[in-house]
Amino acid sequence: MEIEREYQKSLDFIYSFIDLSITRNLRYSPEKFNLSRMVKLMALIGDPHLNYSVIHVAGTKGKGSICAMAASIMKEAGYKVGFYSSPHMIDFRERIKINNYDIPKKILTYYVTKLRPIINRVEKISTFEIITAIAFKYFTNQQVDIAFIEVGMGGRLDATNIVKPIVSVISSVSHDHMKILGNTIAKIAEEKAGIIKKSVPVIISPQKKSAKEAIERIAIIRGSLIIDTSKIYKFKQIKFSLLKQSFIIIERSSNLPVANNPIYEISLLGDHQINNAITAYACIVQLRKFGYEVSENALANGFSKAKWPGRFEVIFKKPLVIVDGAHNKDSFRKLRNTVKKYLGGKKVTLIFGASEDKEVGSMLQIIRPYIAHFIFTKSEHPRALEISELEGYAEKINLKNYSTSKIDNIIPLILRKSKQDQVFIASGSIFVAGAVKQLLAKREN
């Protein structure tokens, strides 16, 4: 079809520029990381990012989950909601959504065609900057009421940091992209806190002490109200299963639930997702103060309808197959805890692949006690770690494994296993998780 050809040409154009997300051994440098190109591009296309309210979200883990839940709630409240995230799991269009609908191929192609001559006037522009510009323009033209904008990497020098948010959010900060953001939690947190704007309230998820101190220091300098969710709220889990979990949010000051009908339900699994839900709830509390009307029904329905693929997501039932985008030490601790809680007594096989800049040895050590078998593989992403390097890590910690460089080879193995207690989890990289999900979907169709 013509639209498919034009859409692919549009993607080819976007990816023909500097793509920092696929660059191996990337280092921080003013040439690669600065906002001047983005400022120039925005000015050339009419500063579309200034035409709607923005919630700007940084952090190492949980950004997408927080945005997905808060955006779902605002949609249920009757607002037109933009949501910009990265990277995508399967389809490029997942990055740019309005009311949870991916940007149509025809519209994406239209924006690439329209912006191409302007993009070509900005020297050394990157792929991520182009995608961000398209999202901002699309949201303006579609007249969204509010947009949840997820930081790509870091915060201070991220292309999204030209927005003028009404609320900033910093999710859980942990070690990731250390070559770029710094090798301590405090340094990484400082980069994330670079999104905090003068006098704009900042909501922070539960943090390690050094991260919290770094964030609070910058917030105080900028005169920003600090909304520390760990000090204000706690939760009580009611039920959990592989389909959903329910919980009550409790105000610490009163020790009472925050609502008259207090039980919320989400399909995102794991205790860490309840903490993300509390951060999303704190966003809604602030938006109400800005005049947005969000009923208790909208809040409850928004939570229950929120979807964020690839986060301990069950994609196949016989045998049980789960995909999870965990890709650093901290997220593997959360994955370990979730496996222990939800899959106790089952034999778990971990399908594992990772990017070259990850702490693979530590990730494997963390999850090892709860995994019966390991399968090492490699995604098609340019920064994917070679199988031989994965096997080297396994040898150091005496880990027995099966390896295949093609994820396709794993699918027949999964489909042959139909034992009641057999579970497969694809993790270590969102690209490995996405590839397994896509291949199994094709087998079902």
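The values are calculated or read from the model by the stated rules, or taken from the named source; none is laboratory data. Keep in mind the model is a prediction, meaning the values are calculated, not measured. Cβ placement follows ideal geometry from the backbone for every residue including glycine, while neighbour counts extend to all protein chains displayed. Ligands, DNA and RNA are stripped out before the accessible areas are found, and what is left, the full protein with its side chains, is counted by its heavy atoms. Shrake-Rupley method; radii C 1.70, N 1.55, O 1.52, S 1.80 Å.
Results, tabulated for the structure shown:
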item: Qualifying residue in segment 120-136 (condition: free of Cβ contacts under 8 Å to residues at least 24 places away in the same chain and assigned to a helix (DSSP H, G or I)); result: no
item: Yes/no for residue 181 being hydrophobic (A, V, I, L, M, F, W, C), in contact (Cβ under 8 Å) with a residue 24 or more places away in the chain and open to solvent by 70 Å² or more (accessible area, probe 1.4 Å); result: no
item: Out of 263, 250, 238, sole residue that is farther than 17 Å from residue 204 by Cβ, among the β-branched types (Val, Ile, Thr) and free of Cβ contacts under 8 Å to residues at least 24 places away in the same chain; result: 250
item: Residue 304 vs. criteria surrounded by fewer than 20 Cβ atoms within 10 Å (Cβ to Cβ), under 30 Å from residue 426 (Cβ atoms) and either touching a Leu at 6+ places or on another chain (Cβ under 7 Å) or at pLDDT 95 or above (or both); result: yes
item: Residue within segment 351-369 that is over 25 Å from the mean Cα position of the chain (by Cα) and without any contact (Cβ under 8 Å) to a residue 40 or more places away in the chain present; result: yes
item: Residue among 103, 98, 149 that alone is touching a Cys at 6+ places or on another chain (Cβ under 9 Å) and either within 24 Å of residue 58 (Cβ to Cβ) or polar (S, T, N, Q) (or both); result: 149
item: Single unsatisfied condition, residue 174 versus (1) in contact with a helix residue (DSSP H, G or I) (Cβ under 7 Å, 6 or more places away or on another chain); (2) open to solvent by less than 20 Å² (accessible area, probe 1.4 Å); (3) at pLDDT 95 or above; (4) outside any helix (DSSP H, G or I); result: (3)
item: Criterion violated by residue 217 - all others in (1) farther than 30 Å from residue 75 by Cα; (2) modelled with pLDDT under 95 satisfied; result: (2)
item: Entirely in segment 312-429, the helices (runs of 4 or more DSSP H) that have 2 or more residues that are surrounded by 23 or more Cβ atoms within 10 Å (Cβ to Cβ); result: 329-342, 360-367
item: Count of segment 204-223 residues which are surrounded by 15 or more Cβ atoms within 10 Å (Cβ to Cβ) and touching a Ser or Thr at 6+ places or on another chain (Cβ under 6 Å); result: 2
item: Any chance residue 260 is modelled with pLDDT under 95 and either under 30 Å from residue 297 (Cα atoms) or touching a His at 6+ places or on another chain (Cβ under 6 Å) (or both); result: yes
item: Options 386, 380: the member that is of a type in the set (Asp, Glu) and modelled with pLDDT of 90 or more; result: 386
item: Candidates 278, 263 - the one that is under 30 Å from residue 430 (Cα atoms) and of a type in the set (Val, Ile, Thr); result: 278
item: Some residue of segment 287-299 being polar (S, T, N, Q) and open to solvent by 40 Å² or more (accessible area, probe 1.4 Å); result: yes
